Amino acid sequence: MKAMNVIAIVTIIALEGRTAARATQFTIKCVNVASGASWSLKVDDRQQTVDGAPARITGAAIAWRDNGGFFDLDRSSGILTFTNASSTGGYILRHQCRLD
C-alpha cells in the first residue's frame with residue numbers, strides 16, 4: 001500500500017511540474033494591415049481569457065467574443081479575423097498578429 005502512495009505522489013509532482021512550466025499568460029501583438037495601427041492582446045491560458053473576456057483557447061486557435069463581434073485567431077498563421085453581424089449584412093476584418 002505504501003508503494004502505491006509513493007507512486008501517486010510522484011505522479012502528482014510530475015504533473016504539477018509540467019503544468020507550472022507552461023506559460024499561463026502571454027501577449028500577442030496585432031496590426032491592422034490597412035492602417036498600420038497596432039495593439040496588444042493579453043491572453044491568460046489558465047483562466048481561458050483574452051483581455052479579460054472568456055475565450056476558447058486551443059493549440060490551433062484562440063476564439064472569443066468582445067465589442068459586439070467575434071474574434072478568431074489562427075495561431076499558426078497569426079491571422080486574426082473579426083466578424084460582426086449587423087442589420088445591413090455585417091462585415092469581416094482581418095489583421096496580422098504575432099506572439100510577443
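Here segment 24-99 is treated with +1 on each Lys and Arg Cβ and -1 on each Asp and Glu Cβ, and its dipole about the Cα centre works out to around 120 debye. Take each peptide in 71-81, 90-100, count the other Cβ atoms within 10 Å of every residue, and average; sorted highest first, the result is 71-81, 90-100. Over all pairs of different C-alpha atoms in segment 24-99, the reciprocal of the mean inverse distance, the Kirkwood hydrodynamic radius, equals 12.7 Å.
No value in this document is a laboratory result; all are computed from the given coordinates. Because the structure is predicted, anything quoted here is derived from the model rather than measured. Counting neighbours? That spans all protein chains shown, and the Cβs are built from the backbone with ideal geometry, glycine included.
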